Amino acid sequence: MKEFAVFWGCTIQARFPFLEKSVRTVMEGMGLPYRDLSGFTCCPEKSLVNNVDHGLWLLTGARNVALAEAEGLNIVSPCTGCVSNLSTVKSELNADPRKKGEVNALLNGVGRRFEGRAGLSHLVPFFHDEVGAQRIRSAMKKDFKGMRVAVHYGCHMMRPSHALKNDDPLEPKKFDNLVRTLGAESVDHSTKLMCCGQGLDRVDQHDTALHMARLKLRELKNRAVDAMVLCCPSCFLQFDNNQHLMEKEGERFGVPVFYFTDLMGLAMGYTADELGLGLHRVDAGPFLKKWEEVSSRPSSRTAFEEEMRAVTFAMDRL
C-alpha cells in the first residue's frame, strides 16, 4: 500500500483526542503506512468560512491539498466534513482554470502550488476500497457475531456526490459492508441517512438539534440496537454528548456511540482503555458486557464463514 497523509481536522484533535487515539491504534496495529504532515490547518469548515469569504475558503483548502501533493501523498481523513470540504474545493478548482490560476498565484507567494491530483478519501471508503475485507479479517481476533449495530452515515460521507464519488448517496453500502465484515448485523432504520442536526447547535438552535438527535435515538432504542457506529466528529458530538445531556434531564436511550475504529480496534484485540472508550459520555459498558456474553456462546462457524465470504465478495464488486 502506498504511503498516505492523515488529515485530522480541528475537531478530533481539539475536542476528541481519544478518537485520534482510536484511529492511530488501528492504523498502527494494521501496519498502514500513514504520515502526519506539518502545516495542515482547518480544512476550512464550509458553513463558517465559505459563507463569509468563498475565495478564502478555496485558498485555504487548496493550500492543504498542495501540502500533500508536494510530498506525493494522497489524503485520508477520519472527518467526513474535512474530506467533503477539501473534495469540493478540488472539484471546483479543477473545473475552473481561471479560479485555479488565481489561487495558485496567491499560493506562489508561500512557495506552494495546487495541482488538484491528490486523492482524497474518508476513513470508511478507504478501509472498504483500499484496505479491503480480507486484510481486515486477517487482523481480527474476535468478531461481533450476535451484535446489532446501527450505521449512521452522516451528511458528508457521500455528499456532494459529484465531488466525493465515495458511494451511492441515496443507497450507500460501504459502511454497512464494513460492519458486516466485523461480524455484526447492520440494522436498517428509517432515519439512517438523516442529518444528525449538530450544525444547528452552531446557530443557537440547541433545542432543535436535540430534537433531531432524539428522533434517531428513539428509533434505535425501539429497534433494540446494541450500539450506533459512525465516523464523523460532529455526529459523534451530537449523539454521544447530546445524548448524555438528555440523559441528565431524565431521558433514557441507552445507545452507546462508537467510531468505526473503536469497533475495529476491539475486534483486533485492543482493550476499551487502549481505545479511549472510557472517555465517551454514553456508557459503552452494557455493549461490552453483552459482547463478552455473546462471543462466549458456541456458534456455527461454518455459517458465519459463509456469510463473511458473501460480504467480501460484495465489497470487491463495489
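In region 221-233, what residues are assigned to a helix (DSSP H, G or I) and either among the aromatic types (Phe, Trp, Tyr) or surrounded by fewer than 23 Cβ atoms within 10 Å (Cβ to Cβ) (or both)?
Hits for region 221-233 are LYS221, ASN222.
Only one residue in ARG63, ARG24 is within 16 Å of LEU123 (Cβ to Cβ) and part of a helix (DSSP H, G or I). Which one?
None of the others qualify; the one that does is ARG24.
Can LEU58 be described as modelled with pLDDT of 95 or more, more than 17 Å from MET157 (Cα to Cα), outside any loop (DSSP other than H, G, I, E, B) and of a type outside the set (S, T, N, Q)?
yes
Restricting to region 69-99, give me the number of residues that are among the hydrophobic types (A, V, I, L, M, F, W, C), part of a helix (DSSP H, G or I) and out of contact with any His (no Cβ under 6 Å at 6 or more places or on another chain).
6
Would you be able to tell me the number of residues in region 1-31 that are aliphatic (A, V, I, L, M) and closer than 18 Å to ILE136 by Cα?
Counting residues in region 1-31 that are aliphatic (A, V, I, L, M) and closer than 18 Å to ILE136 by Cα gives 5.
I'm checking my understanding of the structure. Among residues of region 100-153 that are among the aliphatic types (A, V, I, L, M), in a loop (DSSP other than H, G, I, E, B) and assigned by TED's automatic domain parsing to the domain that holds LYS174, which one is farthest from GLY29 (Cα to Cα)?
MET147
Could you grab me the full set of residues in region 185-215 that are assigned to a loop (DSSP other than H, G, I, E, B) and either touching a Gly at 6+ places or on another chain (Cβ under 8 Å) or not small (Gly, Ala, Ser) (or both)?
If the condition is that a residue be assigned to a loop (DSSP other than H, G, I, E, B) and either touching a Gly at 6+ places or on another chain (Cβ under 8 Å) or not small (Gly, Ala, Ser) (or both), then VAL187, ASP188, HIS189, THR191, LYS192, LEU193, MET194, CYS195, CYS196, ASP204, GLN205 are the ones that fit.
Count, please, the residues in region 216-238 that happen to be of a type outside the set (S, T, N, Q), out of contact with any Leu (no Cβ under 7 Å at 6 or more places or on another chain) and in contact (Cβ under 8 Å) with a residue 60 or more places away in the chain.
Matching residues across region 216-238 total 11.
The values are calculated or read from the model by the stated rules, or taken from the named source; none is laboratory data. Note that the structure is a prediction, hence the values are computed from the model and not measured. When we count neighbours, we look across all protein chains shown, and the Cβ atoms used for this are built from the backbone with ideal geometry, even at glycine.
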